[in-house]
Amino acid sequence: MIDWLKYFPFAMRYDHNPAEVRGPYFTKPKLIKWRFGDCVLHFRAPRSNSVAGITGRGCSVDAIPAPKGDILKILRPNFEADNWDNPRFRWKFDLLFRNNWFFVGPWFTGIKARLTLRANIISVSELSKFSGKNFFHPAVFESAIADVLDCLYGHHKFNTKKRAHFRGPLNWKVQPISNSIKAVVCDIHTVGNSGKENPELARQMYIPITPNRLLLIDLDFGGTKIYNDDVCAKPLFNLCNSIIDSIRLDVGPETQAEWDKVKATCPDMSITETFGELQWPLAPEKPPKEKRELDITPQSAGFEKLRSI
């Protein structure tokens with residue numbers, strides 16, 4: 001009973017060095033399901049928690065619920081990650097879902113950290129070198145992840161210096177989510193403001209959901225310094241990892257048949273277990289005059305092994 005009151009989500013005073021923070025007020029995970037064609041992805045996450053407060057110190061949950069029914073039939077891509085320095089890398093992003101969870105200090109000291117989950121469906125434009133390629137092929141999948149990362153993070157520099165603003169992918173891990181389709185989990189560090197020794201973190205999961213679409217689940221730690229703020233970082237990691245570890249994909253017969261077609265020509269369907277850090281920042285490139293054939297070697301050396309397509 002005392003903890004219920006001690007960590008009540010209400011802000012009315014300051015405490016910059018709490019000894020402990022607590023996450024969502026209702027901690028029991030809720031089952032969430034998304035349908036992609038004949039596949040169903042499901043995971044568990046607690047209900048989000050707004051924080052009330054005086055003098056503007058509270059905060060409401062900025063949530064976008066996922067559409068009902070078959071999500072693939074109602075896609076409306078609303079953002080293209082078309083970097084001005086590198087127009088060749090063009091990916092279409094459709095924001096599917098957003099939610100966040102606040103972590104509060106004791107005795108009405110308010111928000112000390114937040115975890116934000118965003119899910120985007122990524123598809124390729126007609127000019128992309130990945131147009132017509134199959135993301136169920138492990139080499140294509142790995143190369144596509146590298147290309148998306150290059151597009152989103154590879155061209156950002158810290159101020160006017162040549163130093164990269166981001167690092168990644170770090171802590172690359174293959175995540176089993178079904179008997180056939182596997183996911184990849186990796187970390188992106190924001191290092192521009194504080195350096196490699198004190199980064200901010202986004203943990204990402206990439207899933208091939210159709211031959212030509214990826215699902216990106218991004219869990220952003222909201223600016224918490226993961227190496228120098230263990231009080232906030234530890235519960236953030238616990239919630240982040242519990243969500244990722246609960247993700248499963250029920251693969252339907254049509255999607256399984258597409259995966260089996262790839263396996264017939266590529267008996268080794270394993271995803272590489274190790275992936276080196278991409279060398280950012282990247283040099284600008286000229287936009288293509290026509291669609292190029294896929295070169296599975298990314299701009300920045302990241303593969304421990306390459307497979308022919």
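Hey, among F135, F97, F103, which residue is surrounded by 22 or more Cβ atoms within 10 Å (Cβ to Cβ), within 21 Å of the chain's Cα centre (by Cα) and within 25 Å of R47 (Cβ to Cβ)? Steps first, answer last, please.
Values: F135 fails: within 25 Å of R47 (Cβ to Cβ); F97 fails: surrounded by 22 or more Cβ atoms within 10 Å (Cβ to Cβ).
Among F135, F97, F103, only F103 is surrounded by 22 or more Cβ atoms within 10 Å (Cβ to Cβ), within 21 Å of the chain's Cα centre (by Cα) and within 25 Å of R47 (Cβ to Cβ).
Looking at the structure I just gave you, is R118 touching a strand residue (DSSP E or B) at 6+ places or on another chain (Cβ under 9 Å), crowded, with 19+ Cβ neighbours inside 10 Å and charged (D, E, K, R)? Talk me through it step by step, then tell me what you get.
On the way: touching a strand residue (DSSP E or B) at 6+ places or on another chain (Cβ under 9 Å): yes; crowded, with 19+ Cβ neighbours inside 10 Å: yes; charged (D, E, K, R): yes.
So R118 fits the description; yes.
Among residues of segment 203-232 that are of a type in the set (D, E, K, R), those with a beta-carbon under 6 Å from a residue that is open to solvent by 50 Å² or more (accessible area, probe 1.4 Å) at least six positions away or on a different chain give the pairs D218/R118.
Report the residue count in segment 205-231 for those that are in a strand (DSSP E or B), farther than 21 Å from V251 by Cα and open to solvent by less than 10 Å² (accessible area, probe 1.4 Å). Spell out the reasoning first.
If we filter segment 205-231 for residues that are in a strand (DSSP E or B), which is where we start, we get 205-210, 213-220.
Among the residues that remain, those that are also farther than 21 Å from V251 by Cα are: 218-220.
When the remaining residues are screened for being open to solvent by less than 10 Å² (accessible area, probe 1.4 Å), the result is 219.
Selection size over segment 205-231: 1.
Take D260 and decide whether it is part of a helix (DSSP H, G or I), surrounded by fewer than 20 Cβ atoms within 10 Å (Cβ to Cβ) and at pLDDT 95 or above. Give the derivation first.
Numbers: part of a helix (DSSP H, G or I): yes; surrounded by fewer than 20 Cβ atoms within 10 Å (Cβ to Cβ): yes; at pLDDT 95 or above: yes.
For D260, the condition - part of a helix (DSSP H, G or I), surrounded by fewer than 20 Cβ atoms within 10 Å (Cβ to Cβ) and at pLDDT 95 or above - is met.
In the condition set (1) in contact with a Lys or Arg (Cβ under 9 Å, 6 or more places away or on another chain); (2) open to solvent by 10 Å² or more (accessible area, probe 1.4 Å); (3) closer than 19 Å to L216 by Cα; (4) in contact (Cβ under 8 Å) with a residue 40 or more places away in the chain, K129 is compliant with all but (3).
Residues are listed down the side, and each one gets a yes or a no for (1) more than 30 Å from V251 (Cβ to Cβ); (2) open to solvent by 30 Å² or more (accessible area, probe 1.4 Å):
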residue	(1), (2)
S48	no, yes
A52	yes, yes
C59	yes, yes
A63	no, yes
A66	no, no
G69	no, yes
K73	no, yes
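Taking first residues from segment 166-187 that are in contact (Cβ under 8 Å) with a residue 60 or more places away in the chain and partners that are of a type in the set (D, E) and open to solvent by less than 50 Å² (accessible area, probe 1.4 Å), the Cβ contacts under 9 Å between residues at least 6 apart in sequence or on separate chains come to R167/D187; G168/D187; P169/D187; L170/D187; W172/D187; V184/E142.
The values are calculated or read from the model by the stated rules, or taken from the named source; none is laboratory data. Small disclaimer: the values here were computed from a predicted structure and weren't measured. Cβ coordinates were reconstructed from backbone atoms using ideal geometry, including for glycine residues, and neighbour counts include every protein chain displayed. Quick note on the areas: whole protein, heavy atoms, side chains included, nothing else; ligands and nucleic acids left out. Shrake-Rupley method; radii C 1.70, N 1.55, O 1.52, S 1.80 Å.
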